[in-house]
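Below you'll find the structure, written out as structure tokens, and then a few comments.
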Amino acid sequence: MSTSTTTTNLPHHIKPKEVSAESTASTSKLSQKTILHILNTKCTTSLQHLKQAHGVALRSGHFQDHYVAGAIVKCYASQHFSNFGFALKVFDSVWRPNVFVWNIVIKGCLENNEALSCISYYCKMVAMNARPNKFTYSILFKACTLVQAVEEALQIHAHVVKNQFGEDGHIRSAGIQMYASFGLVEEARRMLDEAVESNDVICSNAMIDGYMKCGDVEAAKELFEKHMPSKNIGSWNAMVSGLARCGMLKEARELFDGMSEKDEISWSAMVDGYIKGGCHKEALEIFNEMQKENLLSPRKFILSSVLAACANVGAVDQGKWVHAYIKRNTIQLDAVLGAALLDMYAKCGRLDMAWEVFENIKQKQISTWNAMIGGLAMHGRADDAIELFSKMQRSKLEPNGVTFLNVLNACAHSGFVDKGLNFFSSMKKFYGIEPEVEHYGCMVDMFGRAGQLEEAEQLINSMPIKPNAAVWGALLGACRIHGNVEMGERVGRILLELEPQNSGRYALLSNIYAKAGRWDDVEKVRMLMKERGVKTSPGISMVDIGGLVHEFKVGEGSHPQMKEVYLMLETIIEKLQMEGYSPNSSQVLFDIAEEEKETALQYHSEKLAIAFGVLNTKPGTTIRVTKNLRTCEDCHSTIKIFSKVYERDIIVRDRMRYHHFRNGRCSCKDFW
DNA sequence: GTAGGGTTAG
């Protein structure tokens, strides 16, 4: 193949830049070394330079030099240009690529999310008698990990052994990770043990991580404690993050506290562990501690974790601090961090700020739009969510499954059944997105809220995939709203089998019976819970005042201002009663998750949080409360009246959704 | 003479 045929293969729009007549004379004289230098310095970020250098290489005849060809393919394959297909075309024009050029294209496949192609290029390579080297195999192991290609991995491993690369540390650590990701933890261990004499700390770290990911904490501990004479910070980090991920937060914390040196990954592992375990307050506390140590400047990974924690506890002031920090340190607001930031504002009830962040993100990606649409949906602003969805389509971005989840959610919460149905059917028809179980859950929720319980049940029965507990849960919730005891009983029974340890399901079923006055059945549910040893989660409400998150639990007096809070709450209730409010918790609602503990002086946590808010803010200030469970009907109606009598806005985010109380009404229109 | 490993990825 000659260089001139190479150019004709190239698609027109990206053709290497023609070199003008006068410059040809000089550029064609450029040495291979000079061209390489230009490629390695100027062409990694500038497509214009790259095309020019490509053209020069072709005309000067240096293109077929493997050093040059390799560098050119590598540049085109860079994610910076997001046109990997073209890199492959250029690769095809390389005459008998050597192992280096092959490795570049195989690695390019991996980096451009085409891991399967790694394997097929490897096959081509072998077929063309190019000898793979140790670099080839560590890339291939990673590719197999990514696509979970077990069969291929075993064959490739056999090639590694045959070609005597089994002793290479890079290949070994990639192999350990790979086998652990397949769940073949013994196979991974065998690879590690073959290297007894080399005692490679990085391979051992990979093994610790592998054990942890396979849930074998004991094996990880044993390796860490007994068989690793030399450790580095990565070994400690692997242990801390593994323990934290497995929910063993206390042990993780002990190990973490004992570290002589910590890096951002150590802190991040603890923050993430706390978040995954639902301990958002602890997550924020440890982040504050990190600030105090003042040794590290947090970067985007940990910042987005912290934002997620802020979002979950409603710590808008700390969230704002993170926002200011990002601005002050000109940290780039990429898709992940941007979405975390606007999600935080939306979840803390500050849609205005979420919107501002959204508009300021220059390079909006699909996740950016999804976060904003989700924020609007969460606040019951279905019209705005749908409008934003159309706007996104106009900007030529393809929606994904998450987009539809958010749009459907918006429809469900506003009773837009017809619109929701349209979106649902267009998913597959126009976008080729197969609805997943979550989408069905949304649809069931939508029918259910709108009172179309039969349709909801029909949809479940006609689902092509197995309905999960969330889908049935949506239907059970609808049965409660619409007081359908017959269906509720049926669905409840299915759910109690599916999730025997989920206290919320028992509570919902019990509420349905209570609403129908079937106290015997309420009692039966309660007994069943006791028998099965189901743990209830206590209601916790959090309120963010002056940058500090205050936590209130039912029947717990640990807050320093507890006495005042109770007194204030008594005063409030008295005042509301004079305005016609009467508590209805004993007859209508039976929230066993909390109710068991409720006596005359033990109010639900959201009431305590609001009383605390009244004590500590000026009249007229909006009080924002975040609750871990679904709010009960009594609290809901109390807060409605409260918002009118006290002329205050109250925003409560419960487990299900947002409630914006104003002037005696709630934004959820009493559906939640 | 060209290039890699582990621990976070919300």
_Ordering of A:524-535, A:95-106 by packing [mean C-beta count within 10 Å, highest first]_ = A:95-106, A:524-535
*asked:* Using the basic label-point model (7 angstrom from Cα toward the beta carbon), what is the residue A:490 to residue A:393 distance in nanometres?
replied: 3.6
*Rounded to the nearest 0.05, what FRET efficiency do residue A:48 and residue A:468 give with R0 = 35 Å and r taken as the Cβ-Cβ distance? Could you check?*
0.10
*By accessible area of protein heavy atoms, probe 1.4 Å, what ranking do A:189, A:655 get, highest first?*
A:655, A:189
*Put +1 on the Cβ of each Lys and Arg and -1 on the Cβ of each Asp and Glu in chain A; which of A:183, A:252, A:628 then has its Cα farthest toward the positive end of the dipole?*
A:183
*How big is the gap, in Å, between the Cα center of segment A:498-568 and the Cα center of segment A:369-402?*
34
*Stick to the Cα atoms of segment A:364-435, pair each with every other, and give me the Kirkwood hydrodynamic radius in Å at one decimal.*
11.8
_What number do you get for segment A:232-272 when its Cα radius of gyration is normalised by 2.2 N^0.38 Å, N = residues?_
0.95
*To the nearest 10 degrees, how steep is helix A:382-394 against the longest Cα principal axis of chain A, on a 0 to 90 scale?*
10
*Solvent exposure, largest accessible area first (probe 1.4 Å, DNA, RNA and ligands not counted), of A:82, A:93*: A:82, A:93
_If the only charges are +1 at each Lys and Arg Cβ and -1 at each Asp and Glu Cβ, what is the size of the charge dipole of chain A around the Cα centre, to the nearest 20 debye?_
2120
*Would you mind computing Rg(Cα) / (2.2 N^0.38 Å) for segment A:280-333, counting N as its residues?*
1.04
*Once you've got the Cα coordinates, tell me which of A:396/A:428; A:124/A:162; A:231/A:262; A:51/A:362 are over 21 Å apart.*
A:51/A:362
_Share of alpha-carbon pairs per 5 Å distance bin for segment A:427-538, given as whole %_ = 2, 12, 22, 21, 18, 11, 8, 3, 2, 1, 0
*Between beta-carbons, use under 10 Å as the cut-off and find the net charge around residue A:138, counting Lys and Arg +1, Asp and Glu -1.*
+3
*Just from the alpha-carbon atoms, what are the Rg and Dmax of segment A:181-272 in angstroms?*
12.6, 36
*Could you give the Stokes-Einstein D for chain A in µm² per second, using the C-alpha Kirkwood radius, 10 °C, 1.306 mPa s?*
54
*With the other protein chains left in place, how much accessible area per residue, in square angstrom, belongs to chain A at a 1.4 angstrom probe?*
48
*What does the charge count near residue A:270 come to, summing +1 for each Lys or Arg and -1 for each Asp or Glu among other residues with Cβ under 14 Å from its Cβ?*
-4
*asked:* If you average the alpha carbon positions of segment A:45-122 and of segment A:152-208, how far apart do those two centres end up, in angstrom?
replied: 29
*With +1 on each Lys and Arg Cβ and -1 on each Asp and Glu Cβ, and nothing else charged, work out how big the dipole of segment A:232-272 is about its Cα centre, in Debye to the nearest 20.*
140
_Ranked packing of A:406-414, A:364-372, most packed first, by mean Cβ within 10 Å_ = A:406-414, A:364-372
*Violating pairs (Cα-Cα greater than 32 angstrom) within the set A:575/A:627; A:429/A:466; A:515/A:535; A:276/A:515*: A:276/A:515
*Just check segment A:226-365 against the gyration tensor rule for me: Cα atoms, a ≥ b ≥ c as the square roots of the eigenvalues, rounded for a/c under 1.5, and otherwise prolate or oblate depending on whether a/b exceeds b/c.*
prolate
*Give me the angle, in degrees from 0 to 90, between the Cα long axis of helix A:201-213 and the longest principal axis of the Cα atoms of chain A, rounded to the nearest 10.*
40
*Report the local net charge at residue A:499: Lys and Arg +1, Asp and Glu -1, summed over other residues whose C-beta lies under 15 Å from its C-beta.*
+4
*Would you be so kind as to identify which of A:645, A:382, A:331 lies farthest towards the positive end of the dipole of chain A, taking Lys and Arg as +1 and Asp and Glu as -1 on Cβ and the Cα centre as origin?*
A:331
*asked:* Compute the helix-to-body angle for A:562-578: its Cα long axis versus the longest principal axis of chain A, expressed 0 to 90° and rounded to tens.
replied: 60
*Quick one: with all protein chains in place, what share of the accessible area of segment A:364-435 is carbon or sulfur, to the nearest percent (1.4 Å probe)?*
51
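The values are calculated or read from the model by the stated rules, or taken from the named source; none is laboratory data. These figures come from a predicted structure and were not determined experimentally. Every residue, glycine as well, gets a Cβ built from its backbone with ideal geometry; the counts of neighbours run over all protein chains shown. For the accessible areas, the whole protein counts, side chains as well, though only heavy atoms, and no ligand, DNA or RNA atoms are used. Shrake-Rupley method; radii C 1.70, N 1.55, O 1.52, S 1.80 Å.
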